[in-house]
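Okay, so here's the structure we're looking at.
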Amino acid sequence: MPDGPRPVIVTPGEGTTIEGPVGGPLAFKVRGSETGGSLTALVNVIPPGEGPPMHTHAAEDESWYVLDGDLRFSLGGELAPAPTGSFVFVPRGTPHCFQNVGTAPARLLVLFTPSGMERFFERFATIPAGRFDPESFRAAGAEAGMDVVGPPLAVSHPS
C-alpha cells in the first residue's frame, strides 16, 4: 500500500534517470510512493523514428505534453500529429502508440493516473543495452498490466 501523498518539488536535472524503452533517457519526476498512488510523472526522450508498439493499459490513463519535437500518435485507430506544445490524453483500455517523426530527439512529459507504470519502466531498464526486442517489451509490459496489441507506427504506418 503506498504512503499518503506529500508535497513535492523536483527542480531541473533532478529525478532518477534510467534508459527508456525506446533508447532515450527517462527521468522520473514523481512516483506513486510520493503521491499516494495517484500519479506517476516522467520526462522521456524519444530518438528520431522511434516509438513504442501499439498497446493498452488496464488500470492507468496516460497523458503526454510534447515539450520538444514532432510526433504522431495512433489513438484508437486514428492517426494524429502532435507537434511541440501538444497535449494528448488516452483513457485506459484505448489502443495507442506514437512515433517521433522529427529529425531531432523529442522530449515528452508523461503522466499516468493512477500511478503504477513505474514497474514497467524499472523492469525494462534491467534488460541489457542493445537487447531490445518486441518480446522483452511485451513481457515487461504484461507484468505491469500493459498489453501489446500491435507493432510500432514505424512498422504499421511507415512514413
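The values are calculated or read from the model by the stated rules, or taken from the named source; none is laboratory data. Please read these numbers as outputs of a predicted model, since none were measured by experiment. Ideal geometry is used to build each Cβ from the backbone, glycine not excepted, and the neighbour counts take in all protein chains shown.
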Surrounded by 19 or more Cβ atoms within 10 Å (Cβ to Cβ), closer than 17 Å to GLY69 by Cα, at pLDDT 95 or above and within 14 Å of the chain's Cα centre (by Cα): is that true of VAL88 in this structure? no
With criteria (1) closer than 24 Å to GLY102 by Cβ; (2) in contact with a helix residue (DSSP H, G or I) (Cβ under 6 Å, 6 or more places away or on another chain), VAL8 comes up short on (1)
Is one or more of the residues making up the stretch 8-18 modelled with pLDDT under 95 and closer than 19 Å to GLY150 by Cβ? no
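Among the residues of the stretch 119-133, is any in contact (Cβ under 8 Å) with a residue 24 or more places away in the chain and more than 20 Å from PRO25 (Cβ to Cβ)? Walk me through it before giving the result.
Taking the stretch 119-133 and keeping what is in contact (Cβ under 8 Å) with a residue 24 or more places away in the chain, we get 119-122, 124-125, 129, 132.
Subsequent filtering for residues that are more than 20 Å from PRO25 (Cβ to Cβ) retains none.
No, the stretch 119-133 contains no residue that is in contact (Cβ under 8 Å) with a residue 24 or more places away in the chain and more than 20 Å from PRO25 (Cβ to Cβ).
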Being surrounded by fewer than 14 Cβ atoms within 10 Å (Cβ to Cβ), among the hydroxyl-bearing types (Ser, Thr, Tyr) and without any contact (Cβ under 8 Å) to a residue 40 or more places away in the chain: is that true of THR17 here? no
Output the strands (runs of 3 or more DSSP E) that fall wholly within the stretch 1-88 and possess 3 or more residues being among the charged types (D, E, K, R), or say none. 61-68
Checking the condition closer than 13 Å to GLN99 by Cα, surrounded by 16 or more Cβ atoms within 10 Å (Cβ to Cβ) and of a type in the set (Gly, Ala, Ser), which residue from GLY37, GLY51 passes? GLY51
Give PRO81, PRO128 a once-over and let me know the one that is surrounded by fewer than 17 Cβ atoms within 10 Å (Cβ to Cβ) and either more than 24 Å from THR17 (Cβ to Cβ) or modelled with pLDDT of 95 or more (or both). PRO81
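Rundown of residues vs (1) β-branched (Val, Ile, Thr); (2) in contact (Cβ under 8 Å) with a residue 12 or more places away in the chain; (3) closer than 21 Å to SER33 by Cβ, yes/no style:
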{"residue": "PHE73", "(1), (2), (3)": "no, yes, no"}
{"residue": "GLY85", "(1), (2), (3)": "no, yes, no"}
{"residue": "THR94", "(1), (2), (3)": "yes, yes, no"}
{"residue": "ASN100", "(1), (2), (3)": "no, yes, no"}
{"residue": "PHE112", "(1), (2), (3)": "no, yes, yes"}
{"residue": "MET117", "(1), (2), (3)": "no, yes, yes"}
{"residue": "PRO151", "(1), (2), (3)": "no, yes, no"}
